[in-house]
Amino acid sequence: MTSRGMERFEEGKFQEAIDQFTKAIALDPNHAEAWQRRAEAYAQLGRPKQAEDDRRHLQGLDPSSSPG
């Protein structure tokens, strides 16, 4: 799911990327890369609240992660 999400992200299909990352997160809620990539896709769509929510969740998984 994450690789498909990255493909969609690179194609500029940010909502489709979010959908793929969301599926990956549903399968593995501790999938840090999916949380990070979904935050980036939300940011690209101008949805800063959702991006920040995902970054905060990511920090809960990996305190060494830095948002942004």
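Please work out which one of (1) modelled with pLDDT under 95; (2) out of contact with any helix residue (DSSP H, G or I) (no Cβ under 9 Å at 6 or more places or on another chain); (3) not in a helix (DSSP H, G or I) is the condition residue 67 fails and give its number.
Going through (1) modelled with pLDDT under 95; (2) out of contact with any helix residue (DSSP H, G or I) (no Cβ under 9 Å at 6 or more places or on another chain); (3) not in a helix (DSSP H, G or I) one by one, residue 67 breaks only (2).
Within segment 22-39, take every residue that is surrounded by fewer than 17 Cβ atoms within 10 Å (Cβ to Cβ) and not polar (S, T, N, Q) and give me the one that is nearest to residue 10 (Cα to Cα).
So, considering only residues that are surrounded by fewer than 17 Cβ atoms within 10 Å (Cβ to Cβ) and not polar (S, T, N, Q), the one nearest to residue 10 (Cα to Cα) is 33.
Taking the condition of being at negative phi and free of Cβ contacts under 8 Å to residues at least 12 places away in the same chain, how many residues in segment 22-47 meet it?
Looking only at that region, the number is 5.
The values are calculated or read from the model by the stated rules, or taken from the named source; none is laboratory data. Bear in mind that the values here come from a model prediction, so they are computed numbers and not experimental data. As a convention, Cβ positions derive from the backbone with ideal geometry for all residues, glycine included, and neighbour counts pool all protein chains shown.
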